[in-house]
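Asker: This is the structure, below, for whatever I ask next.
None of the figures in this text is laboratory data; all of them are computed from the coordinates on show. Keep in mind that this is a model prediction, so the values were computed, not measured. We place every Cβ from the backbone using ideal geometry, glycine too, and count neighbours over all the protein chains shown.
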């Protein structure tokens, strides 16, 4: 039985810790002959194992991410049709579970899930996000936690993240 593992990422950048972890994971899988690739909304890294959907980041992306709106994930939908194993490797992609069709979907939580809404960089870019955040933070943290429960498995680096 051939296994294909698809990593789903919102972004890949050269010096980002999550990006490096994903690329190292793929490198290790290749060494044991497991086919894998990264499907990402945007990437500054060129690699044969990366499918760059060339999405756009910005205010609308940040707002939809904050609200947990699956519209920003529609670009991924063409790649969610087969029986592969999908590993969601960026916390901002948690709501993509709502587009799942086939296969197993694993959440690789590399931090405390709800903290994405308290991440300084998330708010620094856009003042409007900061204003809206105060109104919806608790609701969205709970929505992300509920979405995480839908995954077939959650890989976490701490008990706090796993719960």
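Asker: Give the calculated FRET efficiency between residue 143 and residue 24 to the nearest 0.05, with a Förster radius of 25 Å applied to their Cβ-Cβ distance. Mind dumping the intermediate values first?
Answerer: Details: r = 31 Å, r/R0 = 1.23.
After rounding, the FRET efficiency stands at 0.25.
Asker: Sorted by average packing, counted as other Cβ atoms within 10 angstrom per residue and highest first, what order do 23-30, 89-96, 6-13 take?
Answerer: Result, highest mean Cβ count within 10 Å first: 89-96, 6-13, 23-30.
Asker: Turning to a different aspect of this structure: Grab the beta carbon distance between residue 48 and residue 154, set R0 = 25 Å, and tell me the FRET efficiency rounded to 0.05.
Answerer: The formula returns an efficiency of 0.30 here.
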